[in-house]
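See below for the structure under consideration.
The values are calculated or read from the model by the stated rules, or taken from the named source; none is laboratory data. Fair warning: this is a prediction, and the values are worked out from it, not measured in the lab. Cβ coordinates were reconstructed from backbone atoms using ideal geometry, including for glycine residues, and neighbour counts include every protein chain displayed.
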């Protein structure tokens, strides 16, 4: 156990060397720098980071290149809790903090898979994002965990890796990889991941797509695009066609930032995403293989500035919970209901009730999923962002309830259990 003391930092550099030693690929004698203490390693892992020109040295992210099938952390720790405790550090079955932010959960063949973006390393502010406090860490890829009871999660490692040696690649460490969501295409037996990919200044605003044969990956990245090139929304008006942003992006494709995926009972899949410089949300039908837009979409919540969409279906109606656009700062959640994904949508107000409900319990939603086999059991997933220490951001998972009119209601709980068995 004495050897593990050398690897107590959360830094990416330390984690990489730890993985190599653990797997027998690098003898401890060849890395005497670890004996120099934490300050030496901290200097190494943050070397050459600059924010003045929105660039980061590839030294900061190159260490993840060979880590696709390794654990994100491998230091032994305490046994995970037996209940879900919102806002408290959530540890995996190895005793390490779960690292899967802004993600979603897929249920497949009795197993839950939790995908999220990896937040690791030093938090910094690129100069191009300073005006709105756009802190970030280097892009490290998408992680995956699995569970059968929603409490105990096994770390499957990084299932979509960053690409550190290609500066122009969507998944380069200087870029943005956010809001990964995975759905299953039953006919093709493929797992399809969509995510928000972007330039460091968030001007690219594209959707990225990857596929895998297994929910545990690895996922193959297929590329990115702007959505619905040369296509007007199904509910467009003549006035809309004169809209400055919608018309501007008609030829090159509409912007797509914060997003989620939803698969309907008939197998049709939809992407909900913040568009038009985050002022208006779009809902886009996906192609039959789920790999691209089908060329049919609608504008919803026009000029309402909503992001972080989460969508579910209950009693034949479609529900959405999203947030205002306030950067990393929490705000009051918004809920809405419709008879079709394209709308029209009727806003229902803030679904959260009780203390801190006006800031969504100091969190922002990311996904809502149904617990199969349990009556009316839905889980609201949210992230408690820590703007100046993003790697320490927490998870707020809460059970959803419904009032007599069918409106979703979310109440704070210090701890709770989904009541699933852990064989």
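Note on the stretch 217-243: residues that are part of a loop (DSSP other than H, G, I, E, B), surrounded by fewer than 19 Cβ atoms within 10 Å (Cβ to Cβ) and in contact (Cβ under 8 Å) with a residue 40 or more places away in the chain total 5. Identify the residue in the stretch 309-325 that is in contact (Cβ under 8 Å) with a residue 60 or more places away in the chain and in a strand (DSSP E or B) and, among all such residues, is surrounded by the fewest Cβ atoms within 10 Å (Cβ to Cβ). Looking at residues that are in contact (Cβ under 8 Å) with a residue 60 or more places away in the chain and in a strand (DSSP E or B), I get 317.
Residues considered: 423, 351, 408, 344. Of these, the only one that is surrounded by fewer than 21 Cβ atoms within 10 Å (Cβ to Cβ) and modelled with pLDDT of 95 or more is 344. Here is the figure for the stretch 205-216: residues that are free of Cβ contacts under 8 Å to residues at least 24 places away in the same chain and either in contact with a strand residue (DSSP E or B) (Cβ under 6 Å, 6 or more places away or on another chain) or buried (at least 19 other Cβ atoms within 10 Å of the Cβ) (or both) total 0.
Considering only the stretch 140-157, how many residues are in a strand (DSSP E or B), crowded, with 18+ Cβ neighbours inside 10 Å and touching a strand residue (DSSP E or B) at 6+ places or on another chain (Cβ under 6 Å)? Even if it seems obvious, please write down each step before you answer.
At the first step, the residues of the stretch 140-157 found to be in a strand (DSSP E or B) are 141-147, 154-157.
Now drop any that are not crowded, with 18+ Cβ neighbours inside 10 Å, which leaves 141-147, 155-157.
If we keep only those that are touching a strand residue (DSSP E or B) at 6+ places or on another chain (Cβ under 6 Å) too, we end up with 141-147, 155-156.
Going through the stretch 140-157 one residue at a time, the tally reaches 9.
Looking at the stretch 89-111, can you tell me whether even one residue there is touching a strand residue (DSSP E or B) at 6+ places or on another chain (Cβ under 8 Å), in contact (Cβ under 8 Å) with a residue 40 or more places away in the chain, buried (at least 22 other Cβ atoms within 10 Å of the Cβ) and farther than 25 Å from residue 361 by Cα? No; the residues of the stretch 89-111 include none that is touching a strand residue (DSSP E or B) at 6+ places or on another chain (Cβ under 8 Å), in contact (Cβ under 8 Å) with a residue 40 or more places away in the chain, buried (at least 22 other Cβ atoms within 10 Å of the Cβ) and farther than 25 Å from residue 361 by Cα.
I'd like the full set of residues that are farther than 23 Å from residue 326 by Cβ, surrounded by 15 or more Cβ atoms within 10 Å (Cβ to Cβ) and in contact (Cβ under 8 Å) with a residue 12 or more places away in the chain, limited to the stretch 272-295. Lay out the reasoning, then the answer.
Looking only at the stretch 272-295, we keep the residues that are farther than 23 Å from residue 326 by Cβ, and these are 284-295.
Then drop every residue that is not surrounded by 15 or more Cβ atoms within 10 Å (Cβ to Cβ), which leaves 284-286, 290-294.
284, 285, 286, 290, 291, 292, 293 - these are the residues of the stretch 272-295 that are farther than 23 Å from residue 326 by Cβ, surrounded by 15 or more Cβ atoms within 10 Å (Cβ to Cβ) and in contact (Cβ under 8 Å) with a residue 12 or more places away in the chain.
Quick one: is residue 405 more than 20 Å from residue 181 (Cβ to Cβ) and either in contact with a strand residue (DSSP E or B) (Cβ under 6 Å, 6 or more places away or on another chain) or not in a loop (DSSP other than H, G, I, E, B) (or both)? Against the criterion (more than 20 Å from residue 181 (Cβ to Cβ) and either in contact with a strand residue (DSSP E or B) (Cβ under 6 Å, 6 or more places away or on another chain) or not in a loop (DSSP other than H, G, I, E, B) (or both)), residue 405 does not qualify.
The number of residues in the stretch 358-395 that are touching a strand residue (DSSP E or B) at 6+ places or on another chain (Cβ under 8 Å) and surrounded by 14 or more Cβ atoms within 10 Å (Cβ to Cβ) comes to 26. What residue, of 331, 350, is under 19 Å from residue 393 (Cβ atoms) and touching a helix residue (DSSP H, G or I) at 6+ places or on another chain (Cβ under 8 Å)? Selected residue: 331, the only one of 331, 350 that is under 19 Å from residue 393 (Cβ atoms) and touching a helix residue (DSSP H, G or I) at 6+ places or on another chain (Cβ under 8 Å).
Within the stretch 164-172, does at least one residue satisfy the condition of being in a strand (DSSP E or B) and touching a residue at least 60 places away in the same chain (Cβ under 8 Å)? Checked the stretch 164-172: no residue is in a strand (DSSP E or B) and touching a residue at least 60 places away in the same chain (Cβ under 8 Å). Hey, any hits in the stretch 244-254 for a residue that's over 17 Å from residue 208 (Cβ atoms) and in a strand (DSSP E or B)? No, that holds for no residue.
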